[in-house]
Each structure stands twice: as C-alpha cells, then as structure tokens.
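Okay, so here's the structure we're looking at.
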Ligand SMILES: Nc1nc2c(ncn2[C@@H]2O[C@H](COP(=O)(O)OP(=O)(O)OP(=O)(O)O)[C@@H](O)[C@H]2O)c(=O)[nH]1
Ligand SMILES: [K+]
Ligand SMILES: [Mg+2]
C-alpha cells in the first residue's frame, strides 16, 4: 500500500470513530500515525534529491511568511485573516505546500504565506525545511508562530532552525592591499560573533577590527520577526500576561478570534508601510485610493508610483499632513513623506 492510500485509510477510520473518553487514546494513536505518514510526504523523494521549491509569485505591497512547528495554527490564521481557505486539522503536517492569501488592510494588499510546519533538522533539509526557510527569506516579515500552551523551549528550537540555515555557503576572504591590523581568522571570529556565516569579504584598505565592526553594524540587514503565540484560550490570564510582555511578541487566539485586530496593527507597524493620498488642484484628496509606500519614502518615490516620467517633470509639491510644519507646505523632491500625508504634484 502506498503512503497516500495509508493516509486515506487512517482518515476514514478517524471519521468513522466516535469521539468520546473511551476512544480518545485510539484516536490519539491514529492521529500520530497520520502525522507520521504525512511527514513522509514532505520528505524529498530519493530521485529528485532537492525536492521542489514552493515558488509562489510575489504580489501586493508586502509579503509575510508564517513559520512554526506543526499544528501551532498557521493555517487557521491564514483562513481567518484572508479569503483563502487553508486546510486546518488536529494532526501534524496538514499543510504540505505553500498557500498564499491576501490580507487587505489600510488599503494595502499584504501577501500572507502559509507553509508546512517545520521540524527539528529542518535546516538540514528534513521535511522540506530548506524550502520553507527559503520562502521565509523572501518575505518582508516573518511571523514565528508558537503554541502558547507549549513550553518556552519551543521558541529557542525554532530560532535554532532558522539560524542554522544561514551557515550555508560560508565565508570568502580577499584583500587588495596588505593587511597589518586584522587577519582572516580574526575577521571570521568577528563575523561569527555577529552571526554572519555567509559573506564575501573584500578589504580595499588596511582596516582595524573596529572599522570592520562599524561596517558590519551599518550594513546589517535584519529580517524582521514577530513572535505570534496562538491558542491563548487554553492558558491562564497570568500566563497570557507574561508572554505578552516579552519583546516582539503578541498573543492571539485564532479559534476565538482574540487580539487579531491588534495583530494587524502590529503587522502594519513592522512592515513599515505608509499611505499617501494624492490630490488634484481644486479637488478634495482621493481618500479611497491611497498609494502604499515604505516608511522613509520621499516625494520622488511618490512620483515614481504615480507615473514613471513624473519625477522628470517635477517642479514642486504641496503637502498636507504630519511631515510638514504648515499645511499645505511647498516641498522639494527629496522631502520625506509620512503616513496619511496628502500630496499635490506641480509639474514644470
Ligand atoms: N484551542 C485552540 N486551538 C487552535 C487555535 N488555532 C488553531 N487551533 C487548532 O490547532 C490545530 C492545528 O491547526 P492548524 O491550523 O492545522 O495548524 P498548522 O500550524 O497549520 O499545522 P500544520 O499545517 O500541520 O503544520 C487545529 O485543530 C486547530 O483547530 C486556537 O486559537 N485555539
Ligand atoms: K495541523
Ligand atoms: Mg497548516
């Protein structure tokens, strides 16, 4: 019997079995068996050693990936926040591929990706772990989903899986001049200290260790992460309070729809998105159709979003909102916009 047949047999048996105290143990065993076979479906086949990637087209204004151990509620969250249904069930490895959905928030379309649960050894390729992590790295934000009823250790285990992936290609070391203040060994130690395991290092001048550290700190690109603790309907209010106070952590219950509005607010914050409204002379601003930009976007960015030639024809802009002292204020092309500003571009 093939794996798929075995799975369907067990699924049938589960649906046939009445749920009560007497069958609880038997059902538990069946679910464990089911999870075992489903996890085998995730393993790359012997022939194509790598297994297929989860290539999903990027769409919308930002991409958020859901990463976590099996059955923490990733699919339930996707189905709750988006119009897409991703199958959720009480056995592990329900999700076997990447399922995209769209969160509509503040006029932005945020792509949310549901992914298979990762397991220990994911970074070494177990259970398509590499593909899952590869997708996570294409995201603007990773939601690390955790089960609030489980021990704190799960967070460290999850971090370990995501961290070790970076240890792939290793370091390469080159210089165009003689180095008298650092050597390869020291550079390697410094980089490891900053958890950089993959990098091409090229010295163009005789730097000190401190100068190297300055460069590392200035260029560090962090993949923002937010810990989402689900299933708080199952724990005490004291425990909820304790978890909610941890840094970069938010508590929710997908089943009871608790705190999901706040999750969206925080998501928006972490993605650093802003809305800018455009206005034509003598007309009110178009509040129905805002432009979605990143925090730090300038008037020039706004011009590019409106039309690719607009920046060249730009004379000045009038801006109303928190980014200016007066409303309206005449600004140049490098002026930095803020959330909910209104802009009117005047051409040459
Ligand atoms: N008590 C409680 N159960 C939840 C909550 N959210 C999800 N669940 C349950 O947790 C189980 C797993 O949910 P899924 O959404 O399938 O979890 P997943 O992380 O997608 O699992 P895999 O795809 O197998 O990795 C299901 O039985 C859900 O009903 C919640 O907020 N509270
Ligand atoms: K599940
Ligand atoms: Mg799932």
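Just so you know, all these numbers are worked out from the coordinates, no wet-lab data involved. It should be emphasised that the depicted structure is a prediction, and the values quoted were computed from it without experimental measurement. Heads up, the Cβs are rebuilt from the backbone with ideal geometry, glycines too, and the neighbour counts pull from every protein chain shown.
One chain, two ends: residue 237 and residue 289. Fully extended at 0.36 nm per residue, the span grows by 14.6 nm beyond their Cα-Cα distance.
Across the chain, the mean sequence separation of Cα contacts (distance under 8 Å, 6 or more residues apart), normalised by length, yields a relative contact order of 12 percent. Let a ≥ b ≥ c be the square roots of the eigenvalues of the Cα gyration tensor of region 1-149; is it rounded (a/c under 1.5), or, if not, prolate (a/b larger than b/c) or oblate? Oblate, because a/c is 1.5 or more while a/b does not exceed b/c.
Relative to the longest principal axis of the Cα atoms of the chain, the long axis of helix 3-16 lies at roughly 70 degrees.
Annotation: the antiparallel percentage among DSSP beta bridges lying fully within the chain is about 45. Here the simple spin-label model places points 7 Å from the Cα toward Cβ, and for residue 336 and residue 204 these points are separated by 2.6 nm.
Among 295, 245, a tally of other beta-carbon atoms within 10 Å of each Cβ gives an order, fewest to most, of 245, 295.
Based on DSSP H runs of at least 4 residues, each adding -39500 (n - 2.57), what is the mean residue ellipticity at 222 nm of the chain after dividing by all its residues, to the nearest 500 deg cm²/dmol? Working shown, then result.
Values: 11 runs with 114 residues, N = 348.
Value at 222 nm, helices only: -9500 deg cm²/dmol.
With one equal scatterer per alpha carbon and no solvent term, the Debye-computed log10 I(q)/I(0) for the chain at 0.14 1/Å reads -1.20.
Among 336, 216, 119, what is the fewest-to-most ranking by other Cβ atoms within 10 Å? Numbers along the way, then the final one.
Details: 336 13, 216 16, 119 19.
Ranking 336, 216, 119 by Cβ neighbours within 10 Å, fewest first, gives 336, 216, 119.
Taking the chain as a Gaussian network of alpha-carbon nodes connected by springs under 10 Å, the highest mean-square fluctuation of the residues 330, 128, 137 belongs to 330.
With R₀ set to 25 Å, the beta-carbon distance separating residue 21 from residue 151 gives a calculated FRET efficiency near 0.40.
If a/c stays under 1.5 just call it rounded; otherwise compare a/b with b/c (prolate if a/b is bigger, oblate if not). Do that for region 273-347, with a ≥ b ≥ c from the square roots of the Cα gyration tensor eigenvalues. Rounded is the answer for region 273-347, as its axis ratio a/c remains below 1.5.
Translational D (Stokes-Einstein, µm²/s) of region 114-217 at 20 °C and 1.002 mPa s when Rh comes from the Kirkwood sum over C-alpha pairs?
Values: Rh = 16.0 Å.
It diffuses with D of about 134 µm²/s by this estimate.
Counting neighbouring beta carbons within 10 Å and listing from fewest to most, the residues 192, 304 come out as 192, 304. Taking a ≥ b ≥ c as the square roots of the Cα gyration tensor eigenvalues, region 176-330 comes out oblate, since a/c reaches at least 1.5 and a/b does not exceed b/c.
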